[in-house]
Amino acid sequence: MARVNLDGSGAGFRRTDSHVRGLGRSNPNQPAEKPLLVMEDVYKYFRRDVPTLRNVALEVKRGEFVFVTGPSGAGKSTLLQLIYRKHTVDSGRILFLGRDVARLTERSIPFLRRNLGIVFQDFKVVPHWTVYENVAVSMEILGSPVRVVRSRVAETLERVGLAGRGNERTERLSGGEQQRVAIARAIATEPALLLADEPTGNLDPALAIDILTLFEEIHDAGTTVIFATHDHALLQTSPHRLIVIDEGRLIEASQGLRAWSARMHSLSA
Amino acid sequence: MDIRTTFARARRGFRDDLRLHVVAVASLVVAFLCLGAALLGVENLARVAERWTQSQHMTVYLGTDASESDIAQLRLVLDSLTEVAEVEYINSARARAQFAEQTEMGADVGSLPAEAFPASLELALHASANRTRITKIGERIKSFNAVEDVETYQDWFGQLGSLLDAGRKAVGILALLVAVCVVAVIGNTIRLAVANRRQEIEVLKLCGATDRFVRTPFIVEGILQGLTASVLSLVLLGISYLSLRGQVEDTVVTLTGMQVVFLGPLTVLGVVCGGGLVGALGSALSLRRYLSV
């Protein structure tokens, strides 16, 4: 079970590397736990009259793999950005590790993000840094000792299929490899929740499936994943929980992909 | 964030923007070199002033009608003063000879009238004698009938003091200008470095870096720029000093009676620490203005 640091204004999130191991893992022998993430009646407006997200309610349990899908501009990225506090909800609340994300002070936001791993469509790696530097940065932020960083980075690069390539400059890697570097950076600290915002959007279909497989392996190791994508081909290959965002509303595809596909078919008809 | 990580990140920053930092440090070296040269001049001038003030003396010019008994009485009075260390009588002939020797005029001095070389009493004063006291003594001695004039050299010391004060003020203004220059150059360098590293800063923030974690390496870079520039300028100044000393030393010794010396350890330390501090200040001001994390 995750240990949460409750030392004052850090809003209950971890501050350092002292309890990284096992933080994001679920334990199947434990009784039913509180959800890792709860969204209640969330509204977000970028234009006054049109909410980007409306009445969003969502619960994500530890160890779940959740797909979030919907057409471009539906609000998938906004949903994730509210979780990592790039934006703040206009009403409703988001509880992560039991804390209301919207009520965090600016100084506490870094401590929220230390409990999250975030992967983006455009990778957001630093091209002139080496692979090692790009992955190690998330652990340096936690203040991990250099020895620990070295061994953990090596271990993580092996997990994402980049073993022994730490000294290469990231800009010289292919798109798929750069995304693996980004994933390695996101999981190196073993976050409680891994957020992926269209991580396969810039990759060809074969690489996209490779990356999804990598996320599934990370999930199998116990990490909770929210994976936003509009790629139907990816959704059809995996039987995970599916959330659809349509015109800012969140619809749970509770009967799986078939029911959601049927709904999408009816919407387009 | 530990010191090792901070320095590793600052080093990475130097590596990524190497050309930018080299140009900035080169400009700063010139500024620090000007400051160092001015400090060198003032320090040496201060030493000359201090030595001359310590070895102070007074000349009592005697009238042509001063008899031997007048002179003996005057010497008695002077010997009784605690400020006077030594009294030496120089007659007119010896004064003429000394002048001829110092000016290398030789036989030409013989054409000058006897009034041009009055007999005098040369007084060596103790270093503890202060200006006010020396002036008072001079006024008292002037009241003797045998005395024509008294030269206390206080005006000359006053002029030297004024020159030294002006030099110190000039160095102060130069130091201020150098500080402004360093703040501006380092501020601009850090501003460009921040612009170059936008992507890196975004990544850091998304990974949970605090503002302090993002800012500290930039501050360290500013400090390192200031330190590097000040140390390099002192090294260059030292090389110039060593190579020019041989050529000017004889002249300086003849004029002042003292050798030229390099900056003292405290001044060197002050320049180096000042460089670091001003570097940090320039960096901090620039980050405050241009880095919104």
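Values in this text are rule-based calculations from the coordinates and carry no lab data. Note that the coordinates shown come from a computational prediction; the quantities given were computed from them, not determined experimentally. Because the Cβ atoms are built from the backbone with ideal geometry, glycine has one as well, and the counts that use them run over all protein chains shown.
Of the residues B:Ser120, B:Ser230, B:Ser143, the one that moves most in a GNM of chain B with alpha-carbon contacts below 10 Å is B:Ser143. For the protein assembly as shown, the share of DSSP beta bridges that are antiparallel, to the nearest 5, is 65%.
When the Gaussian network model of chain B links Cα atoms closer than 10 Å, the mean-square fluctuations of B:Gly282, B:Gly208, B:Gly138 top out at B:Gly208. Normalised by the number of residues in the stretch B:57-152, the average gap of Cα pairs under 8 Å and 6 or more apart makes the relative contact order 51 percent.
Look at the alpha carbon pairs under 8 Å that are at least 6 residues apart: their mean separation over the length of the stretch B:147-293 gives a relative contact order of 42 percent.
Straight Cα distances below 19 angstrom link A:Lys44 to the lysines A:Lys76, A:Lys86, with same-chain residues fewer than 8 positions distant left out. Direction-averaged projected area, Cα convex hull, the stretch A:77-117: 2.8 nm², rounded to one decimal.
With +1 on each Lys and Arg Cβ and -1 on each Asp and Glu Cβ, how big is the dipole of the stretch B:176-247 about its Cα centre, in debye rounded to the nearest 20?
The dipole of the stretch B:176-247 has a size of about 40 debye.
With N as its number of residues, chain B has a Cα radius of gyration that, divided by 2.2 N^0.38 Å, comes to 1.59.
Kirkwood analysis of the stretch B:204-282, using all unique Cα-Cα pairs, places the hydrodynamic radius at 15.3 Å. A straight Cα-to-Cα reach below 15 Å connects B:Lys136 with the aspartates and glutamates B:Glu83, B:Asp149, B:Glu151, B:Asp155, residues fewer than 8 places away in its own chain not being considered.
Under 21 Å of direct C-alpha separation, and excluding same-chain neighbours fewer than eight residues apart, A:Lys34 reaches these lysines: A:Lys61.
With both labels modelled 7 Å from their Cα along Cα-to-Cβ, the B:Lys136 to A:Glu155 distance reads 8.6 nm.
Here the Debye sum runs over all C-alpha atoms of the protein assembly as shown as equal scatterers in vacuum, and log10 of I(q)/I(0) at q = 0.08, 0.13 Å⁻¹ comes out as -0.69, -1.23. Taking B:Gln56, B:Gln98, B:Gln73 as the candidate residues, the one with maximal mean-square fluctuation in a Gaussian network model of chain B, Cα springs under 10 Å, is B:Gln98. What number comes out for the charge environment of B:Ile90, summing +1 per Lys or Arg and -1 per Asp or Glu over other residues with Cβ under 11 Å away? The answer is 0. Here the stretch A:67-268 is treated as a Stokes sphere of Kirkwood radius computed over C-alpha pairs; at 20 °C and 1.002 mPa s its diffusion coefficient rounds to 121 µm²/s.
Treat every Asp and Glu Cβ in the protein assembly as shown as -1 and every Lys and Arg Cβ as +1, leave all other atoms uncharged, and give the resulting dipole magnitude about the Cα centre to the nearest 20 debye.
My answer is approximately 3380 debye.
Near A:Met39, within a Cβ-to-Cβ distance under 15 Å, what is the net charge of the other residues, with Lys and Arg +1 and Asp and Glu -1? Result for the local shell: +4. Our note on the geometry: Cα centres of the stretch A:103-117 and the stretch B:1-78, 54 Å apart. Length gained on full extension, B:Gln73 to B:Phe7, computed as 0.36 nm times the residue gap minus the Cα-Cα distance: 16.0 nm.
Residues in the stretch B:158-174 carry Karplus couplings, in order, of x, 5, 5, x, 5, 4, 5, 4, 4, x, 5, 5, 4, 5, x, 5, 4 Hz; the curve used is 6.51 cos²θ - 1.76 cosθ + 1.60 with θ = phi - 60°, and Gly or Pro positions show x.
Between B:Ala170 and A:Gln236, the modelled label-to-label distance comes to 8.6 nm, taking each label 7 Å out from Cα in the direction of the beta carbon.
Label-to-label distance, A:Asn167 versus B:Ile239, with points set 7 angstrom from Cα along the beta-carbon direction: 3.4 nm. Our summary gives the stretch A:64-167 a relative contact order of 15 percent, counting only alpha carbon pairs under 8 angstrom and 6 or more residues apart.
Convex hull of alpha carbon positions in the stretch B:57-152: directionally averaged projected area 6.3 nm².
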